[in-house]
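A short worksheet on the structure shown next.
The values are calculated or read from the model by the stated rules, or taken from the named source; none is laboratory data. In this text the structure is predicted, and so the values were computed from the model without any measurement. Ideal geometry is used to build each Cβ from the backbone, glycine not excepted, and the neighbour counts take in all protein chains shown. Heads up: the accessible areas ignore ligands, DNA and RNA and are worked out on the full protein's heavy atoms, side chains in. Shrake-Rupley method; radii C 1.70, N 1.55, O 1.52, S 1.80 Å.
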Amino acid sequence: MSKPIVALVGRPNVGKSTLFNRLVGERLAVVDETPGTTRDRLMAEGEWLDTAFWVIDTGGIDPTQVGPGRSLQPLSVGSAEFVEQIRQQAELAIEDADVVLFVTDAESGVTAADREVADILRRHQREVDGELRPPVFLVVNKADSTARRMQGYEFYELGLGEPYTISALHGTETGDLLDAVVAAFKNRQAEPEDDDSVKIAIVGKPNVGKSSLLNRLLGEERAIVSPIAGTTRDAIDTHLIFNEIPVTLIDTAGIRRRGRIEPGVEKYSVLRSFQAIERADVALLVIDAVEGLSAQDAHIAGFILEAWKSVVVVVNKWDAIEKDNYTMENFTRRIRQDLNFLDYVPILFISAQTGQRVSQVLPTAVQVQEERLARISTSQINQILQKAQAEHAAPSRTGRPLKMYYGTQVRSDPPTFLVYVNDPSLAHFSYMRFLENKFREFHPFMGTPIRIVLRPRH
């Protein structure tokens, strides 16, 4: 049985992201004082009383802002146009949830938006075995004092039962809330599950079409798509089965150059994008074909390599390029030159908007993951080392040449080779690159970095 799902919903700036971080024990959600900061769903695992469950943070629902002339409070720049889409994201989360935490604000009291959100929740509840599902827990957040906790009684008017007055920031009374949430799971048993899915992160600078690619791959509007740079701020995990292989797609915030990272909201978005790369197996580096490969694209590629992750370069918006018989070849040559440290990666030319060659993305990523898990026998490794030394002896330093005695593959994911030598300090970078190429001549390890570790024989 899959883990239960807890969805956090409510109007903007009531502390849903702070509560999310409290429940999962990590700073995964963007936290900012500006209403409307969280736009897409964010999902992570929480645990309480030995019960594991998924927690989904959502964008703030503010029905009072839908339609002309309706405005309750200012949202962050660029967020107002997303209100209807944010509502759709939250409703999707509610439909997936086993328990809903309706988060309100003790400081503000009951607002018109709270009443409308309560109506939305009631409309999405359904009767199962005489009980309304999913159960909704009314959470009055920011109850940091006795006076604030007393104000929680006015929330009875929402008709959603007894309010839980908490402080997500300080953790006050969140334990009682979690006790009730776990009890609401009833007979569900959250069996421990190992996530053995192929984790594919969709990364790149802002506005290159990452969310459009995700939606095209899924065939549904799962992530908000907009031509405005920086729309996706949270890393979103989406699970699917591809050719009987479990896959997790991670859509991430666009990564800007460090000097252009805005303080607050976007800062944490970029950090989370890097974290998404670190927990992925394969990264899809999305490049804008119209703009061409930029220094920032190379910077992201360098981070992927530093994290020892496999990569597929995806050149998007290929439909917007005027082409002749040599356009793709010339574009490929430029990418190979600018990303010469990733000369082993496959390059795909697609259009997420039209669907051109998008069908090649998942098969290529899965194939790259298979290469990431490939192994070479010890006898074959030593044949490679012998051949390499016979073809090109290592240059000597201070009259002492590097001597390789034998090697073995100590792990995969990524492929890691341990080679015993007389003195690792004698190895020059160029010779290590030559040795890597010899390994790739035997097995290409497409899209995957390989690690060669030198160790003195003694």
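Summary table below
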quantity: Residue within the stretch 170-179 that is in a helix (DSSP H, G or I), open to solvent by less than 70 Å² (accessible area, probe 1.4 Å) and either of a type in the set (Ser, Thr, Tyr) or at pLDDT below 90 (or both) present; calculated: yes
quantity: Residues (more than 20 Å from PRO134 (Cα to Cα) and assigned to a strand (DSSP E or B)) located in the stretch 155-169; calculated: THR165, SER167
quantity: Any hit, the stretch 106-116, residues being surrounded by 22 or more Cβ atoms within 10 Å (Cβ to Cβ) and modelled with pLDDT under 85; calculated: yes
quantity: Residue count, the stretch 99-154 (criterion: aliphatic (A, V, I, L, M), without any contact (Cβ under 8 Å) to a residue 24 or more places away in the chain and not in a helix (DSSP H, G or I)); calculated: 2
quantity: The stretch 212-237: number of residues that are at pLDDT 85 or above and either within 18 Å of ASP57 (Cα to Cα) or not hydroxyl-bearing (Ser, Thr, Tyr) (or both); calculated: 6
quantity: Single match in GLU441, GLU370 (criterion: farther than 30 Å from THR238 by Cβ and open to solvent by 10 Å² or more (accessible area, probe 1.4 Å)); calculated: GLU441
quantity: Test: residue in the stretch 397-410 that is assigned to a strand (DSSP E or B), within 21 Å of LEU305 (Cβ to Cβ) and free of Cβ contacts under 8 Å to residues at least 60 places away in the same chain; calculated: yes
quantity: Condition broken by VAL136, with the remaining ones in (1) among the hydrophobic types (A, V, I, L, M, F, W, C); (2) over 31 Å from the mean Cα position of the chain (by Cα); (3) buried (at least 19 other Cβ atoms within 10 Å of the Cβ) satisfied; calculated: (2)
quantity: Pair list, Cβ under 7 Å, 6 or more apart: the stretch 421-438 residue within 18 Å of TYR406 (Cβ to Cβ), other residue at pLDDT 90 or above and part of a helix (DSSP H, G or I); calculated: LEU435/ALA388; LYS438/ILE384; LYS438/LYS387; LYS438/ALA388
quantity: Filter result for MET1 (part of a strand (DSSP E or B) and modelled with pLDDT under 75); calculated: no
quantity: Test result for GLN296, in contact (Cβ under 8 Å) with a residue 40 or more places away in the chain and within 21 Å of ARG440 (Cα to Cα); calculated: no
quantity: Members of the stretch 299-327 found to be open to solvent by 40 Å² or more (accessible area, probe 1.4 Å), part of a helix (DSSP H, G or I) and under 20 Å from GLN367 (Cβ atoms), listed by number; calculated: LEU305
quantity: Filter pass, MET446 being out of contact with any strand residue (DSSP E or B) (no Cβ under 8 Å at 6 or more places or on another chain) and surrounded by 15 or more Cβ atoms within 10 Å (Cβ to Cβ); calculated: yes
quantity: Count - residues of the stretch 403-424 that are under 19 Å from ARG375 (Cβ atoms), touching a strand residue (DSSP E or B) at 6+ places or on another chain (Cβ under 7 Å) and open to solvent by 30 Å² or more (accessible area, probe 1.4 Å); calculated: 4
quantity: Residue under evaluation ALA427, criteria (1) under 30 Å from the mean Cα position of the chain (by Cα); (2) open to solvent by less than 30 Å² (accessible area, probe 1.4 Å), criterion not met; calculated: (1)
quantity: Residue match in the stretch 151-163 (condition: surrounded by fewer than 20 Cβ atoms within 10 Å (Cβ to Cβ), under 18 Å from LYS3 (Cβ atoms), modelled with pLDDT of 85 or more and small (Gly, Ala, Ser)); calculated: no
quantity: Positions within the stretch 123-147 being of a type in the set (Lys, Arg) and modelled with pLDDT of 85 or more, in sequence order; calculated: LYS142
quantity: Only one of GLN380, GLN356 that is on the phi < 0 side of the Ramachandran plot, free of Cβ contacts under 8 Å to residues at least 60 places away in the same chain, open to solvent by 20 Å² or more (accessible area, probe 1.4 Å) and not aromatic (Phe, Trp, Tyr); calculated: GLN356
quantity: Odd one out for ALA29 among (1) within 25 Å of THR248 (Cα to Cα); (2) modelled with pLDDT of 70 or more; calculated: (2)
quantity: Qualifying residue in the stretch 46-65 (condition: at pLDDT below 85, open to solvent by 20 Å² or more (accessible area, probe 1.4 Å), under 18 Å from ILE250 (Cβ atoms) and aliphatic (A, V, I, L, M)); calculated: no
